[in-house]
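The values are calculated or read from the model by the stated rules, or taken from the named source; none is laboratory data. As the structure is a computational prediction, the values presented were derived from the model and not from experiment. Methodologically, a virtual Cβ is constructed for each residue, glycine included, from the backbone with ideal geometry; neighbour enumeration extends over all protein chains shown.
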Amino acid sequence: MHEAWIISARLKAFGIRSRVHGDAVGPYAFTVGAMGRTEVWVACSDAEEARSVLDVSDQEAAVDAE
């Protein structure tokens, strides 16, 4: 669940609006199995740019880990 908020913040830093959605969000969060699924949603018009931002983030993380 925390990863979703990190991803959302990363997208926001690049001017891409996103929304964290799922049963693991809220005061009575389910965090097990399919009910614990959390997703980051972006507008269809921003999807390609969001993928590019996240792909670069993954590549940077891999380089930092080496």
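Below are the figures for this structure:
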read-out	value
Selected residue [at pLDDT 65 or above and touching a Gly at 6+ places or on another chain (Cβ under 7 Å)] from Glu3, Glu48, Glu39	Glu39
Long-range neighbours under 8 Å by Cβ, at least six apart or interchain, first residue within 17 Å of His2 (Cα to Cα) within region 32-51, second modelled with pLDDT of 85 or more and hydroxyl-bearing (Ser, Thr, Tyr)	Val40/Ser8; Val40/Ser18; Trp41/Ser18
Pick from region 10-27, criterion small (Gly, Ala, Ser) and at pLDDT below 95, ranking: farthest from the chain's Cα centre (by Cα)	Gly26
